[in-house]
Amino acid sequence: MAAKSFDMIVIGAGPGGYVAAIRGAQLGLNVAIVEREHMGGICLNWGCIPTKAMLRSSEVFHLMHRAKEFGLKADGIDYDLDAVVKRSRGVAKQLASGVGHLMKKNKITTVMGEATLPAKGKVSVKTDRGTEELESKAIVLATGARARELPGLEADGDLVWTYKHALLPPRMPKKLLVIGSGAIGIEFASFYNTLGADTTVVEVMDRILPVEDAEISAFAKKAFQKQKMKIMEKATVKKLDRAKGKVTAHIETGGKTEKHEFDTVISAVGIVGNVENLGLDELGVKVDRTHVIVDEYCRTGVDGLYAIGDLAGAPWLAHKASHEGVMVAELIAGGHPHPVRPDSIAGCTYCHPQIASVGMTEAQAKEKGYKIKVGRFPFIGNGKAIALGEAEGMMKTVFDEKTGELLGAHMVGAEVTELIQGYVVGRQLETTEEDLMNAVFPHPTLSEMMHETVLDAYDRVIHI
């Protein structure tokens, strides 16, 4: 059977792949997309979306307990974990089927199955109905990543969970250990802690949320501890002894190893790229620690072969993958897109309180030799935050003293994942402190704090 020919073939239908396919189709290319499991990838089915649905349930539950503060009455407050999970799965399903609809609308050929690259420009797909052969001068790898498993800490779905088990929990944990305090670990710790699990977080680095600004990490840690979460930093889980209904964790900290007992462990110790069984070695694609090495335009060095998203390395964020997908589609269609700048991509963590940041931390700016001006503003100085009953939080901005360039912005508190975009747009437009000071922010809003933290950096703050 002759191979079907396309202008562009995308392997993987997550937020990188499906967006690349749509943009390619918009530009008049004949596009095929190959997906082995779920349209929408991990993000829509097992990541970004269902976790936010679950975290919303825990947020509402938390607010119900505070009803009295708002002059409201709520008695017999409880939750139904199965119903929480059911809602989260429903949200994921709705969005995943939406991706299928978008493929049809954009006349993209969808092939469900496992892809390999037998030769340059060729894709072979194992489907339910046998093998399909496809060919194209432009192939985009968007195969994503999966949870890293450490020896001895492997998940079993019963006592030790990955993010997938944590999204479909067989039971409510009573005593929970979360290994790793990046976004995934902290979000699950926050969810289960809010629903009443006695939660301990172990982080190997010297602070939780190690990619965030140190001040933001410290603020978040205090907030989590206030919620009775236990935080162990500079700590390593050496091994897990599994018995019926319990796990004994050997946790080393400060040179001493102690045993702690839990009924559930969630492992969130990073990700590894899905590089296996594609035939990358034979094609001469360079892979470093499970991630494909690419240039600023996501080119692999093999003619006509691109890699985007988690597969192509940090930052491991859906919105980075989507933008790389658009950029690559435009390149393939003969355009001249700008490369995606990793330092202008915001990171968001949807724990309680939320955390969001873009650009350099204070420490990174100093390391790079910048003379800086730093502004801070607390939520307690903002009228809207107090009216919302969300007076815990802070914002921080870092500027280059010489040019007034906004080098970085960091936030912890209510709705900061929505607010960070103001600074993202500011950085994209190469704004200076003067532009931000002259912009009029509406009152009363949380966004006014974004104005005040800039004013604070230049000793002009009004409300503290």
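The values are calculated or read from the model by the stated rules, or taken from the named source; none is laboratory data. These numbers come from a predicted model, not from an experiment. As a convention, Cβ positions derive from the backbone with ideal geometry for all residues, glycine included, and neighbour counts pool all protein chains shown. The protein model used for the area step is the full one, side chains on, heavy atoms only, and it has no ligands, DNA or RNA in it. Shrake-Rupley method; radii C 1.70, N 1.55, O 1.52, S 1.80 Å.
Things to note:
- Placing pseudo-labels 7 Å out from each Cα toward the beta carbon at Tyr458 and Lys52 gives an inter-label distance of 3.3 nm.
- Each label was represented as a point 7 Å from its Cα along the Cα-to-Cβ direction; for Arg148 and Lys244 these points are 3.6 nm apart.
- With 0.36 nm allotted per residue and the present C-alpha distance subtracted, the Ser344-Asp75 stretch has 92.3 nm of extension available.
- Overall, the accessible surface of the range 1-157 at a probe of 1.4 angstrom is composed of carbon and sulfur to the extent of 53 percent.
- Under the combined filter of DSSP loop state and at most 11 neighbouring Cβ atoms within 10 Å, the range 331-438 retains these trypsin sites (Lys or Arg not before Pro): Lys368, Lys371, Lys402.
- The antiparallel fraction among DSSP beta bridges confined to the chain stands at about 65%.
- Hydrodynamic radius of the range 80-124 per Kirkwood, over alpha carbon pairs, in Å: 13.4 Å
- Pair Gln428, Asp128: separation of 7 Å Cα→Cβ label points (nm): 4.0 nm
- Note that the chain presents 48 Å² accessible area per residue, ligands and nucleic acids not counted, probe 1.4 Å.
- Amide H within-cut-off set for Met8, under 5 Å, with H built and near neighbours excluded: Asn30, Ala32
- Over every Cα atom in the range 322-385, the radius of gyration and the widest Cα-Cα span, Dmax, amount to 17.6, 51 Å.
- Dipole of the chain, positive end: most advanced residue of Gly369, Leu305, Gly389 [Cβ charges, Cα centre]: Gly389
- Neighbour-limited loop hits for GluC sites (Glu not before Pro), the range 1-79 (at most 16 other Cβ within 10 Å; DSSP other than H, G, I, E, B): Glu37
- Counted over all Cα-Cα pairs of the range 73-216, pairs farther apart than 20 Å make up 67 percent.
- Scanning the chain for DSSP H helices at least 20 Å long along the axis (C-alpha atoms) with a Kyte-Doolittle mean no lower than -0.5 picks out 48-65, 81-105, 318-332.
- Accessible surface of the range 354-434, 1.4 Å probe, proportion on carbon and sulfur as whole %: 50 percent
- Values of log10 I(q)/I(0) for the range 192-312 across q = 0.20, 0.21, 0.22 Å⁻¹ run -1.05, -1.11, -1.18, by the Debye formula with one identical scatterer at each alpha carbon and no solvent.
- For the range 195-209, 3J(HN,Hα) per residue [Karplus equation, 6.51 cos²θ - 1.76 cosθ + 1.60, θ = phi - 60°, Hz, x = Gly/Pro]: 7, x, 6, 6, 10, 10, 10, 10, 10, 6, 6, 7, 7, 6, 6
- Extension gain, Ile380 to Asp82, is 103.6 nm, computed as 0.36 nm per intervening residue step minus the present C-alpha separation.
- For the range 353-464, the C-alpha radius of gyration sits at 0.98 times the compact-globule guess of 2.2 N^0.38 Å, with N the residue count.
- At an R0 of 51 angstrom, the distance between the Cβ atoms of Glu261 and Ala67 translates into a FRET efficiency of 0.90.
- The stretch between Gln364 and Glu405 holds 13.3 nm of extra length on full extension. This uses 0.36 nm per residue minus the Cα-Cα distance.
- In plain terms, the C-alpha convex hull of the range 1-146 casts an average shadow of 11.6 nm² when viewed from every direction.
- Kirkwood Rh, angstrom, the range 247-375 [1 / mean 1/r, Cα pairs]: 18.4 Å
- Relative contact order for the range 16-116, counting Cα pairs under 8 Å that sit 6 or more residues apart, in percent: 49 percent
- Residues whose amide H falls under 5 Å from that of Val265, counting only those 5 or more places apart or on a different chain, are Val160, Trp161, Leu177, with hydrogens built in the peptide plane.
- Evaluating kT/(6 pi eta Rh) at 20 °C and 1.002 mPa s, with the Kirkwood radius of the chain over Cα pairs in the Stokes-Einstein relation, gives 90 µm² s⁻¹.
- Overall, the chain carries a charge dipole of about 1040 debye about its Cα centre when +1 sits on the Cβ of Lys and Arg and -1 on the Cβ of Asp and Glu, all other atoms neutral.
- When the Cα gyration tensor is reduced to axis lengths a ≥ b ≥ c, the ratio a/c is 1.5 or higher for the range 373-421, and with a/b above b/c it is classed as prolate.
- Local net charge near Glu258, Cβ-Cβ under 14 Å (Lys/Arg +1, Asp/Glu -1): +3
- Mean sequence separation of contacting Cα pairs (under 8 Å, at least six apart), scaled by the length of the chain, corresponds to a relative contact order of 14 percent.
- Normalised by residue number, the volume inside the convex hull of the Cα atoms of the range 144-260 is 111 Å³ per residue.
- Between His443 and Lys107, the C-beta separation translates, for a Förster distance of 60 Å, into a calculated FRET efficiency of about 0.80.
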